[in-house]
Amino acid sequence: MKKRSVSDFALFGGQPIFASFRTTMNLVVPNREVFFRYAEQSFKNKHLTNNGPAVQKLEEQLGELHQVRHCICFCNCFTGMYLTLRALALAGRKEVVVPSLTYRRMADIIDWAGLLPRFCDVEKETLGVSPSTVRPCINKDTTLILAPHPITRLCDIEGMEMLAHEYGLPLVFDSVEACGGAYHGKMIGGFGNCESFSMHSSKVLNSCEGGYVTTNDDELAHKLRITRAFGFYGRDHIETLGLNAKLNELHAAMGLATLCDLDEQIEQNKRVHLAYQKHLSELPGITVIDYDRNERRNWKSVLVRLNEAWPFTRAETLQILNAENIHARTYYAPAQHMTFPRQAGKDEHILSVTQEAAENHFLLPFGSTVSEVDTAVVGEVFTSMLKQSVAIHKKMAMEAL
């Protein structure tokens with residue numbers, strides 16, 4: 001249905017442009033036959049958890065994908081990151097340097113690990129950390145650096161490795177958004193001390209729930225394998241504190257099935273992403289953040305930046321889109337330094353780039369619920385919003401009275 005007048009917009013009583021939600025989640029369902037083949041083996045062997053064959057095979061294949069010696073799977077990414085921080089944090093120190101503009105629960109993970117986040121700013125071009133944004137936050141109480149790759153871009157990997165080496169600090173890359181990508185021709189996964197990934201159902205690699213850490217550090221890999229399994233090493237020997245963070249066989253089967261279709265999924269992602277760019281590129285005030293086309297990328301999200309040429313605020317834009325069942329979402333907003341009470345160096349410096357990005361960026365629907373045809377429909381809604389912006393503002397003002 002075209003939005004030829006204000007009354008056609010769902011926000012004002014019209015029919016939504018989509019009958020069902022188009023979401024920002026990936027939600028790709030892998031090949032069922034592959035999944036059931038691995039699942040059947042688990043049932044046949046009566047080995048459903050405790051480092052079974054499917055988990056071992058998944059770790060082997062992920063190690064090959066990321067070109068690393070070790071891949072350690074967990075029941076979820078949150079737990080894997082928690083155990084990683086516990087394993088790498090320098091003794092007697094508490095502060096983890098991390099950008100405020102990242103996953104909304106990252107500070108909680110740091111807090112659960114008994115550490116303290118010190119929030120740094122990000123670069124305007126990449127929305128990721130760099131030596132210049134991290135260095136001012138390093139002090140004698142810094143225990144490690146946590147560097148998440150932002151959506152669509154990568155942070156300065158080489159620069160961050162040099163900075164960590166300069167200060168003798170562990171460096172962990174949160175590579176959830178970079179899975180399947182490469183940096184200077186080398187697959188993401190083997191940089192820093194380790195890298196962390198999610199296999200939540202919304203991610204490129206989907207095991208329903210799950211996560212994993214990749215590393216070339218033999219000692220770290222051993223620690224993570226022990227601590228994910230109650231701290232046991234061998235039969236009934238307790239080596240260290242641990243918890244139950246194992247990935248089970250059925251989730252591993254799902255991950256193996258998804259891994260089979262990874263390249264095809266990335267190609268489809270790219271087609272849809274480029275279709276969005278085609279349909280939104282001529283609209284003033286809207287920029288679809290591009291991926292680096294010279295490197296391998298997963299193309300899994302569509303990140304949009306608004307500027308003053310667009311006639312609506314971000315909140316107004318999302319309100320109109322959501323009513324049309326276009327489930328656009330804010331990008332890491334509010335930033336964590338605005339909401340997390342327990343942090344180091346609060347109010348010492350203004351995170352200007354972070355605050356601006358948290359106010360003017362958002363994500364458009366993507367993944368298995370969105371086709372190339374859908375991107376054209378979304379583009380038509382944006383075009384209608386632009387053409388009827390004055391009338392829409394008047395209607396919004398009237399309804400606010």
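Couple of notes before you dig in:
- Filtered residue count, the stretch 93-132, keeping only those that are in contact with a Leu (Cβ under 6 Å, 6 or more places away or on another chain) and outside any loop (DSSP other than H, G, I, E, B): 4
- Just one of the listed residues (L146, L154) is in contact with a strand residue (DSSP E or B) (Cβ under 8 Å, 6 or more places away or on another chain), under 30 Å from Q265 (Cβ atoms) and assigned to a loop (DSSP other than H, G, I, E, B), and it is L154.
- Residues within the stretch 1-23 that are part of a loop (DSSP other than H, G, I, E, B), of a type in the set (G, A, S) and at negative phi, tallied: 4
- Verdict on A344 being under 30 Å from D111 (Cα atoms), touching a residue at least 40 places away in the same chain (Cβ under 8 Å) and among the aliphatic types (A, V, I, L, M): yes
- Selected residue (only one of L220, L274 is within 17 Å of G367 (Cβ to Cβ) and modelled with pLDDT of 95 or more): L274
- Residue match in the stretch 346-357 (condition: touching a helix residue (DSSP H, G or I) at 6+ places or on another chain (Cβ under 9 Å), closer than 19 Å to N298 by Cβ and in the same structural domain as N307 (by TED's automatic domain parsing)): no
- Unique residue being on the phi < 0 side of the Ramachandran plot, surrounded by fewer than 23 Cβ atoms within 10 Å (Cβ to Cβ) and in contact (Cβ under 8 Å) with a residue 40 or more places away in the chain when the list is A89, A164, A113, A178: A89
- Qualifying residue in the stretch 25-40 (condition: acidic (D, E), surrounded by fewer than 20 Cβ atoms within 10 Å (Cβ to Cβ), farther than 15 Å from V213 by Cβ and modelled with pLDDT under 95): yes
- On the stretch given as the stretch 48-92, residues that are among the β-branched types (V, I, T), in a loop (DSSP other than H, G, I, E, B) and under 13 Å from C194 (Cβ atoms) total 1.
The values are calculated or read from the model by the stated rules, or taken from the named source; none is laboratory data. Worth saying up front: this structure is predicted, and the values here are computed from it rather than measured. Please note: Cβ atoms are built from the backbone with ideal geometry, for glycine as well, and neighbour counts cover all protein chains shown.
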